[in-house]
Each structure stands twice: as C-alpha cells, then as structure tokens.
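Q: Okay, handing you the structure first.
Where a number appears in this text, it was derived from the coordinates with a stated rule and is not lab data. Quantities reported herein were computed from a predicted structural model and do not represent experimental measurements. All Cβ positions, glycine included, derive from the backbone under ideal geometry; neighbour counts span all protein chains shown.
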Amino acid sequence: MKIGVCVYLGGMDDLAKKFEDMVAQGFDNCQLLSWNPADWTPENAKTIHALTKRHGITISAFWCGWEGPSVWNFYEGPQTLGLVPPAYRDMRIKNLCDGADFAKLLGVQNVVTHMGFIPENPNDPAFLPFCDAVRAVAEHCKNNGQYLLFETGQETPVTMLRCFEQVGTDNLGVNLDTANLILYGKANPVDALDVFGSYVMNLHAKDGLYPTNGHDLGAETPIGQGKVDFPALFRKLHDLGYDSFVTIEREISGEQQTKDILAARAYLQSVIDRIYGG
C-alpha cells in the first residue's frame, strides 16, 4: 500500500518546488491534478518526466479537469459539472481526451475526473447520451492503453455501476474519494465497496460530514474527525485484494494543510499496518 498526496499542476518552477516539498515530507507518489488544458503540452510533459525521474516520484494518476463553469452544490452542480450538462459536453469530451494524451506522454495509465450528477433513473432521457459521451472518452483512453476512472461522490454507487454496464468498455474504474460519498449524501464508502469494490483503482483518502441542508455539500474535516470508518474501509479493501495507491487529499491551503496531511499519513499508516501487516 503506497500513501501519496495530490499535487496541482501549475508553472514548472512551482511544480518543481512542490515535488521537492513532497519528497522532503517523505512522499514518493502523487496524483497530478490539472484544470488548465493550456498546460498539457509536450514541453511540459518532458519537464515533468525529468522532475519525477530526478526525485524518484511516481505519478499514480492524472486528475483531468475540464473547461466551463463548475459550481459545487446540489442546485447549480447538476447544471455545470462533468459530462452531464449537454451545453458543455463536446468541449469536455475534447478536454478529457486531450488530458489523456498528456497523461500518456507522462507515462501515466490512469486518468481521473468527476463525471457530474449522473441521472439515477436509467429511463431519464439524459442517461444514454451521457453514457455515449463517457464511451467516447473511454475508447480514446483505451486506444492509449489507459483506464478512465470516475471519482466518486456525485452519484450513488449503483448509478455508477449502471453507467459502467451501459458504456461497456473494459477500461473503466473508480477513484474512491472516501469523503465525497458522505459530503454529497450519496453513500457510506465502506458499504459502497459492496457495489463497485472490484473497480477501485486509486483512492482519495479524505474525511467529512454529511450535508445538513438541501443546498450545500457536507463539510470536509481532517482525516479521523469525520464520518469515514477507515479501519472498516481498509479491512474491506484488503478482502477485495486492493494493495495499491492511497492518495491523501486535504482541500484547504497553507500550513494547516501540511499539518493535516502529515497527521493523516501517520493515522492511515497505522491503520494499514494493522490490517495489511507492517
């Protein structure tokens, strides 16, 4: 089991400093996150490849954002996020395919994104066109020898599984964000593994609380202070045979983010050692 962190792609000098910092903190793997297609150039890929080689860093996944509006709540979210809104779908299919090509230049096999608020009713007329859009990206990734991973949260686990079945390609997987299922009020991440556990290919280790109103997501917390039962989660992952990357995500900034990440690593490592053997 390999514990890493999330690193946002910005300028190359800035990224070099981020890599230096993560190595100094004892991390050797990360998910690389980017929302700016202008950064996905062959020149930047060459620089990033050199930086990872110099520092001994493995990029476990490329988290690929997309252009256009994004509002992270229950009202504007369904209208703005992912491949669900028809108004932004073609642009975002291109974004995801371009991001996959950039990831290929980096030698990264897993491409992750939020797909949006997938319709839970399979008879909803929006469901099949959405699945067609996912298939277009999945097939592009497959031609690159890559997997397309859905980050959990905005859909129930069975809705995600139904989408996988409808799309029908064999290169779909799950980036299990342990908090998002709770923050969106969609599921308990431990129980969700009964539905899509065999598809999990990476984790965002994160903690949080359930929503307390019908408009806003629940609140993120430091790991160990929210509703995620990490010992139960890792016991079930162990039973499923998962022994890969665990990527800490703490969506704040500054010194407190670093403190929370280091505390999270110590906590997660103690849980993993008990279950997987230290």
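Q: Please give every one of the lysines within straight-line cross-link reach of residue 259, meaning a C-alpha to C-alpha distance under 22 Å, and leave out same-chain neighbours fewer than 8 residues apart.
A: 2, 17, 18, 206, 227
Q: Checking the cross-link filter: which aspartates and glutamates have an alpha carbon closer than 17 Å to that of residue 142, excluding same-chain neighbours under 8 positions apart?
A: Qualifying aspartates and glutamates at Cα under 17 Å: 98, 101, 132, 165, 170.
Q: Fewest to most neighbouring Cβ within 10 Å: what's the order for 181, 233?
A: Ranking 181, 233 by Cβ neighbours within 10 Å, fewest first, gives 233, 181.
Q: Using the crude model of +1 on Lys and Arg Cβ and -1 on Asp and Glu Cβ, and no other charge, please compute the dipole size for the chain relative to its Cα centre, in debye to 20.
A: About 500 debye.
Q: Which of 250, 89, 274 comes first, and how do the rest follow, when ranked by fewest Cβ neighbours within 10 Å?
A: Going from least to most buried by this count: 274, 89, 250.
Q: For the range 87-133, how big is Rg over Rh, using alpha carbon atoms and the Kirkwood form of Rh?
A: Looking at the range 87-133, the ratio lands at 1.07.
Q: If you take every residue apart from residue 55 with its C-beta less than 11 Å away from the C-beta of residue 55, what net charge results, scoring Lys and Arg +1 and Asp and Glu -1?
A: 0
Q: Relative contact order of the chain: what whole-number percent is it, with Cα pairs under 8 angstrom and at least 6 residues apart?
A: 16 percent
Q: Quick check on the exposure proxy: order 66, 35 from fewest to most C-beta atoms within 10 angstrom.
A: Ascending Cβ contact count within 10 Å gives the list 35, 66.
Q: Please work out the Kirkwood hydrodynamic radius for the chain, using every pair of different C-alpha atoms, and report it in angstroms with one decimal place.
A: Evaluated on the chain, it is 19.0 Å.
Q: Separate question: Hey, what D do you get for the range 1-149 in µm²/s if you plug the Kirkwood alpha-carbon radius into Stokes-Einstein at 10 °C and 1.306 mPa s?
A: 98 µm²/s
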